[in-house]
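Written out below as structure tokens is the structure these notes cover.
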Amino acid sequence: MNNQTTVRVWDILIRLFHWSLVISFIVAYLTSEEENSWHIYSGYTVLGLIIFRLIWGFVGSKYARFSDFVRSPAMVCQYVKDLRAGHPQHYLGHNPLGGWMVIALLLTLFAVTLSGLKVYAIEEGKGPFAGVESIELAPIAAAYAEDGDEDEGDEDREQKPNEADEEFWEEIHEATTNLMLLLIALHVFGVILSSRLHKENLIKAMLTGNKNRQ
Ligand code: HEM
């Protein structure tokens, strides 16, 4: 604590994590249509950041820990009730709703990066999944491909396992990315709404690390 009212909430690693994640995600998103290494490098950066955040959620500073902000459904319901009434409780760390949003963002990002690595392995034969058979998912992928390509000839059918796998993982990669866009929009909306309701600047707090006790 710096003085009686200002509290160091976000440590330096959380702040670096957050803004590096924002930049890496934007770079990965903007380079997704091009065949260049920026997409791969930024994707790996996102994955590295998520792994760091998972570890930091257990051993990091007070407000960075999952135990500080992953709260029970009852507390989330109470928070939503208070929010709708216009007087939500103030939290120094993530509020109960924001806490679950953090989990949703991290899990979805994890799914985005893993599916991206699967596509990379199938298309380029590179990355940690190169040469790894997705045995459990092969029948699902094949069924999925049969649904989509009913009128294809025998020649195409011979290539199916790999193509089906590729198409399957590409769809997952795209769908999880779209879900990410929705979550980010809700996340930024939540940050702005919460800043207004509590008359505090949460974006500034994610830059300086400090918040005022209310
Ligand atoms: C310009 C857009 C963005 C702004 C202004 C913003 C702002 C913030 C703020 C203020 C917080 C802290 C919320 C709180 O006080 O409870 C936060 C947390 C977080 N944001 Fe963002 N954010 C942005 C974009 C993103 C994007 C694009 C992602 C993901 C790719 C993201 C992921 C996260 C995560 C995971 C946390 C939790 C931080 C932690 O505890 O480690 N944010 N963001």
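The values are calculated or read from the model by the stated rules, or taken from the named source; none is laboratory data. From a predicted model like this one, the values you see are computed outputs, not experimental measurements. Neighbour counts run over all protein chains shown; Cβ positions are idealised from the backbone, glycine included. With ligands, DNA and RNA removed, areas are computed over all heavy atoms of the protein, side chains included. Shrake-Rupley method; radii C 1.70, N 1.55, O 1.52, S 1.80 Å.
Exactly one condition in (1) open to solvent by 30 Å² or more (accessible area, probe 1.4 Å); (2) within 19 Å of the chain's Cα centre (by Cα) is not met by Val59; state its number.
Among (1) open to solvent by 30 Å² or more (accessible area, probe 1.4 Å); (2) within 19 Å of the chain's Cα centre (by Cα), the lone unmet condition for Val59 is (2).
Please work out if Ser115 is under 28 Å from Val9 (Cα atoms), more than 10 Å from the ligand (Cβ to nearest atom) and part of a helix (DSSP H, G or I).
Judged against the criteria, Ser115 is not a match.
Of all residues in the stretch 19-56 being among the small types (Gly, Ala, Ser) and open to solvent by 50 Å² or more (accessible area, probe 1.4 Å), which is farthest from Lys211 (Cα to Cα)?
So the first thing to find is which residues in the stretch 19-56 are among the small types (Gly, Ala, Ser), and the list is 20, 24, 28, 32, 37, 42-43, 48.
Keeping just the survivors that are open to solvent by 50 Å² or more (accessible area, probe 1.4 Å) gives 32, 37.
Details: Ser32: 36, Ser37: 39 Å.
The qualifying residue farthest from Lys211 (Cα to Cα) is Ser37.
Of all residues in the stretch 196-214, which are near the ligand (Cβ under 8 Å from one of its atoms) and either surrounded by fewer than 16 Cβ atoms within 10 Å (Cβ to Cβ) or of a type in the set (D, E, K, R) (or both)?
Listed by number, the residues that qualify are Ile203, Lys211.
For the stretch 22-88, please list each of the helices (runs of 4 or more DSSP H) lying entirely inside it that holds at least 2 residues being under 23 Å from Arg196 (Cα atoms) and away from the ligand (no atom under 13 Å from the Cβ).
73-84
All but one of (1) open to solvent by less than 40 Å² (accessible area, probe 1.4 Å); (2) among the acidic types (Asp, Glu); (3) closer than 27 Å to Glu33 by Cα; (4) at pLDDT 95 or above hold for Asp82; which doesn't?
The failed condition is (3).
Of all residues in the stretch 171-212 being of a type outside the set (Gly, Ala, Ser) and touching a Leu at 6+ places or on another chain (Cβ under 7 Å), which is farthest from Tyr79 (Cα to Cα)?
Met180
Leu16 fails exactly one of the following numbered conditions: (1) surrounded by 15 or more Cβ atoms within 10 Å (Cβ to Cβ); (2) assigned to a helix (DSSP H, G or I); (3) within 11 Å of the ligand (Cβ to nearest atom). What is the number of that condition?
(1)
List every residue pair whose Cβ atoms sit under 8 Å apart, with the two residues 6 or more apart in sequence or on different chains, where the first one lies in the stretch 183-197 and is assigned to a helix (DSSP H, G or I) and the second, anywhere, is near the ligand (Cβ under 10 Å from one of its atoms) and open to solvent by 60 Å² or more (accessible area, probe 1.4 Å).
From the stretch 183-197, the pairs are Gly190/Leu97; Val191/Ile203; Ser195/Asn201; Ser195/Ile203.
For the stretch 89-103, give me each residue that is open to solvent by 30 Å² or more (accessible area, probe 1.4 Å) and either basic (Lys, Arg) or in a helix (DSSP H, G or I) (or both).
If the condition is that a residue be open to solvent by 30 Å² or more (accessible area, probe 1.4 Å) and either basic (Lys, Arg) or in a helix (DSSP H, G or I) (or both), then Leu97, Trp100, Met101, Ile103 are the ones that fit.
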